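Colleague: Take this structure first; my questions come after.
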Amino acid sequence: MSSLAPATCPRCNGSGWVAPADSFRTEPCECQGDLRRRQRIIAANIPRRYLTCRLRNFNDRDAVLKTAKTRVEQFVNEWMPQLGVKGLLLMGGCGTGKTHLAVAALQEIIQTEKPGKLLFSNFQDLIQEIQASFPADSSVDKSEILRPLLEADLLVLDELGSQKPSAWVHDILYYIINSRYNDVRTTIFTTNNVDDLADRIGDRLRSRLYEMAGVIQMTGIDDYRRKKI
């Protein structure tokens with residue numbers, strides 16, 4: 001059973017409504033807010049490993065990471081759909097907390113009940129999903145896979161440039177980013193390719209990223225996963 005599956009609320013016994021003792025009227029139970037938040041987390045496709053990622057538990061162990069956390073907090077505070085809020089490009093090596101911060105932005109928006117359709121997508125997983133849709137007997141169409149990424153008010157595109165460059169991969173990436181650029185939709189990107197991102201995604205897309213997202217440099221940071229070994 002999913003860890004996000006709702007349990008029966010002891011206050012309203014699952015009805016979603018409660019009647020205060022001093023009143024004849026009914027009102028929505030507090031559990032309905034919890035249910036809406038769980039539903040939004042599921043709809044955002046946040047991976048199980050990152051379900052607990054929040055700004056409050058981010059390990060801002062040095063000045064660079066403290067600055068990165070502050071920038072993400074500012075983004076969350078300013079977030080509203082349809083306002084053309086500038087996205088973020090988190091750049092740094094493995095294990096610096098880029099994905100944690102990107103997912104934390106989604107989580108904070110959900111927990112504070114700010115509006116908007118949110119979505120997380122790992123680029124490498126996306127490419128593999130599209131490739132799996134190619135067989136003639138597949139019931140999944142490429143456009144069906146891409147549509148949620150194009151329509152999300154806020155998209156987290158994780159591991160940008162991680163897939164080995166090819167004309168086909170570049171076309172998919174260009175379609176996603178250019179569509180969101182033209183529709184003025186907000187995107188948070190993460191990438192390990194600090195020095196060669198333009199080589200990985202092309203100059204046209206890198207140029208669009210300059211306008212779409214503010215850069216957060218998370219370089220010179222040790223891989224926290226290695227410290228767990």
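Colleague: Looking at this structure, is Ser179 among the polar types (S, T, N, Q), free of Cβ contacts under 8 Å to residues at least 60 places away in the same chain and farther than 27 Å from Gly95 by Cα? Write out each step before concluding.
Modeller: Details: among the polar types (S, T, N, Q): yes; free of Cβ contacts under 8 Å to residues at least 60 places away in the same chain: yes; farther than 27 Å from Gly95 by Cα: yes.
Yes, satisfied.
Colleague: Mind listing whichever residues of segment 83-113 are in contact with a Cys (Cβ under 6 Å, 6 or more places away or on another chain) and closer than 20 Å to Gly161 by Cβ?
Modeller: Across segment 83-113, the qualifying residues are His100, Val103.
Colleague: Moving on to the next point. Does any residue in segment 153-164 that is under 14 Å from Arg40 (Cα atoms) come within less than 6 Å, Cβ to Cβ, of a residue that is assigned to a loop (DSSP other than H, G, I, E, B) six or more places away or on a different chain, and which pairs are these?
Modeller: Once the first residue is under 14 Å from Arg40 (Cα atoms) and sits in segment 153-164, its partners that are assigned to a loop (DSSP other than H, G, I, E, B) give Asp153/Pro81; Asp153/Gly116; Asp153/Lys117; Leu154/Gly116.
Colleague: What number of residues within segment 73-112 satisfy the criterion of being buried (at least 22 other Cβ atoms within 10 Å of the Cβ) and among the β-branched types (Val, Ile, Thr)?
Modeller: Going through segment 73-112 one residue at a time, the tally reaches 3.
Colleague: Turning to a different aspect of this structure: Is at least one residue of segment 65-80 over 27 Å from Leu160 (Cβ atoms) and either in a strand (DSSP E or B) or modelled with pLDDT under 95 (or both)?
Modeller: Kept after step one, since they are over 27 Å from Leu160 (Cβ atoms), are these residues of segment 65-80: none.
No; the residues of segment 65-80 include none that is over 27 Å from Leu160 (Cβ atoms) and either in a strand (DSSP E or B) or modelled with pLDDT under 95 (or both).
Colleague: Among the residues of segment 35-72, which ones are of a type in the set (Val, Ile, Thr) and surrounded by fewer than 16 Cβ atoms within 10 Å (Cβ to Cβ)?
Modeller: The initial filter retains those residues of segment 35-72 that are of a type in the set (Val, Ile, Thr), namely 41-42, 46, 52, 64, 67, 70, 72.
Passing the criteria: Ile42, Thr52, Thr67, Thr70.
Colleague: Right, here's the next one. When segment 37-66 is examined, which residues are found to be of a type in the set (Val, Ile, Thr) and either touching a strand residue (DSSP E or B) at 6+ places or on another chain (Cβ under 8 Å) or more than 22 Å from Thr187 (Cβ to Cβ) (or both)? Working first, answer last.
Modeller: To start, the set of residues in segment 37-66 that are of a type in the set (Val, Ile, Thr) comprises 41-42, 46, 52, 64.
Passing the criteria: Ile46, Thr52, Val64.
Colleague: Shifting gears a bit: Only residues that are surrounded by fewer than 19 Cβ atoms within 10 Å (Cβ to Cβ), in a helix (DSSP H, G or I) and modelled with pLDDT of 90 or more: list them for segment 164-197, please.
Modeller: Answer for segment 164-197, where residues must be surrounded by fewer than 19 Cβ atoms within 10 Å (Cβ to Cβ), in a helix (DSSP H, G or I) and modelled with pLDDT of 90 or more: Tyr174, Tyr175, Asn178, Ser179, Tyr181, Asn182.
Colleague: Residues in segment 127-143: is at least one in a loop (DSSP other than H, G, I, E, B) and modelled with pLDDT of 95 or more? Steps first, please.
Modeller: We begin by selecting, within segment 127-143, every residue in a loop (DSSP other than H, G, I, E, B); these are 133-141.
Keeping just the survivors that are modelled with pLDDT of 95 or more gives none.
Looking through segment 127-143, none of the residues is in a loop (DSSP other than H, G, I, E, B) and modelled with pLDDT of 95 or more.
The values are calculated or read from the model by the stated rules, or taken from the named source; none is laboratory data. Bear in mind the structure is a predicted one, so any value in this text is a computation, not a measurement. Positions of Cβ are backbone-derived with ideal geometry, glycine not excepted, and every protein chain shown enters the neighbour counts.
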